[in-house]
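All remarks here apply to the structure that follows.
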Amino acid sequence: MTVTAPPHSNEIQATVAAEVERQLQAFRAEMEGKLAEVRERTVDDAATIVVFSGDLDKVLAAFVIATGAAAAGLETSIFFTFWGLSAIKKKGAHGGPKNVMEKMFALMTPSSSESLGSSKMNYFGAGAVMLRKMMQDKQIASLEELMAVARDLDVNLIACTMSMDAMGIAKEELIDDLTYGGVATYMADAVRSRVTLFV
C-alpha cells in the first residue's frame, strides 16, 4: 500500500522551511550581536603595571610580577611614569640642552636603575646597597637581571611621554627599545587586561 502525499504538501513544507529559516536568521543575528557585546567586555590574557615609584624595592616588585605574568603566558606591559622613569634611564646618558630646573631635576633624581634608593631605611643610599648585597648573597636576581628577563619574555616597557616632557627627560636618556606613549597607550592596555597594578 503506498501513501500519497496530500495535495499542496510540497508547498506547505516549503512554507514551513522558509519560516524556520527566517526565524533562525533573526536568532543568529541576535546571538551574533550578544556575542559581540560579550567579546567587547571580555578581557584578554594580559597584565598591565604602572610604575610611578622610583624606589628600588618597588621597581623590583614590579619586575618580579611582570616577569611572572609574562612567564605564565600573559601579554605584559609596564608603564613608567614620573619617578618611575628613573628605573629606565640609561647609565651615563645625556640628552640635549636643559633649562635650569631640568638640570636641577636631573641632578636630584637617580641617573639609572643602579642608583635607585630603597623606599624605607635608605640612609643616603646605604639601604639600597644593603638590599642589593642581601639579594646577591641569596642568589636572588638583581633589578637589572630582571629587566633583561622581562625583555626576553617580550614585556612591553612604555615610557610616559607627558612625564618625560614635564621632567625634562629626553629619549636619548632612556634605555633602548622602549615604547613611548601617554594615557591613551596605557588605557588601551589596561582596559583589556585581567591584571592591572599600580606600583
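Values in this text are rule-based calculations from the coordinates and carry no lab data. Just so you know, these numbers come straight off a predicted model, no measurement behind them. Positions of Cβ are generated from backbone atoms using ideal geometry, with glycine treated the same way; all protein chains shown enter the neighbour counts.
So, with +1 on the Cβ of K and R and -1 on the Cβ of D and E, and no other charges, what is the size of the charge dipole of segment 3-140 about its Cα centre, to the nearest 20 debye? Spell out each step's value before the answer.
Details: 15 positive and 15 negative charges, 253 e Å.
I would put it at about 1220 debye.
Please work out how much length the chain gains when fully extended from Q136 to R22, using 0.36 nm per residue of separation minus the C-alpha to C-alpha distance, in nm with one decimal.
Gain on stretching Q136 to R22: 34.0 nm.
I want the antiparallel fraction of DSSP beta bridges within the chain, as a percent rounded to 5.
Numbers: 1 of 18 bridges.
Beta bridges within the chain, antiparallel portion: roughly 5 percent.
Within the chain, which is the longest segment containing none of the chymotrypsin sites (Phe, Trp or Tyr not before Pro) that sit in a DSSP loop and have at most 14 other Cβ atoms within 10 Å?
Working: sites that count: Y123, F124.
The answer is 1-122.
Could I have the simple spin-label model distance between A14 and H94, label points 7 Å from Cα toward Cβ, reported in nm to one decimal?
With each label placed 7 Å out from Cα toward Cβ, I get 8.8 nm.
Which entry in [x] 23.7; [y] 20.3; [z] 22.7 is this structure's computed Kirkwood radius over Cα pairs in Å?
[y]
Does anyone have the angle between helix 143-152 and the longest principal axis of the chain? Alpha-carbon axes, 0 to 90°, nearest 10?
For 143-152 against the chain, the angle is about 30 degrees.
Pop a pseudo-label 7 angstrom from the Cα along the beta-carbon direction at both M162 and V191 and give the gap in nm to one decimal.
1.6
Might you report the magnitude of the Cβ-based charge dipole of segment 63-183 about its Cα centre, with Lys and Arg at +1 and Asp and Glu at -1, to the nearest 20 debye?
Values: 11 positive and 13 negative charges, 99 e Å.
Computed charge dipole of segment 63-183: roughly 480 debye.
Would you list which lysines come within 20 Å of K171, measuring only between C-alpha atoms, while excluding same-chain residues fewer than 8 positions from it?
Counting by Cα, and skipping residues close in sequence, K171 has these lysines nearby: K89, K90, K91, K98, K103.
Rounded, prolate or oblate for segment 47-163? Axes are the square roots of the Cα gyration tensor eigenvalues, ordered a ≥ b ≥ c, and the cut-off for rounded is a/c under 1.5.
Details: a/c = 2.10, a/b = 1.21, b/c = 1.74.
Because a/c hits 1.5 or more and a/b fails to exceed b/c, segment 47-163 counts as oblate.
Pop the C-beta distance of L153 and V43 into the FRET formula with R0 = 30 Å and round what comes out to the nearest 0.05. Working shown, then result.
Details: r = 20 Å, r/R0 = 0.66.
So, using R0 = 30 Å, E works out to roughly 0.90.
Once the dipole of the chain is set up with Lys and Arg at +1 and Asp and Glu at -1 on Cβ about the Cα centre, which of L178, G92, M162 lies farthest towards its positive end?
Of the listed residues, the answer is G92.
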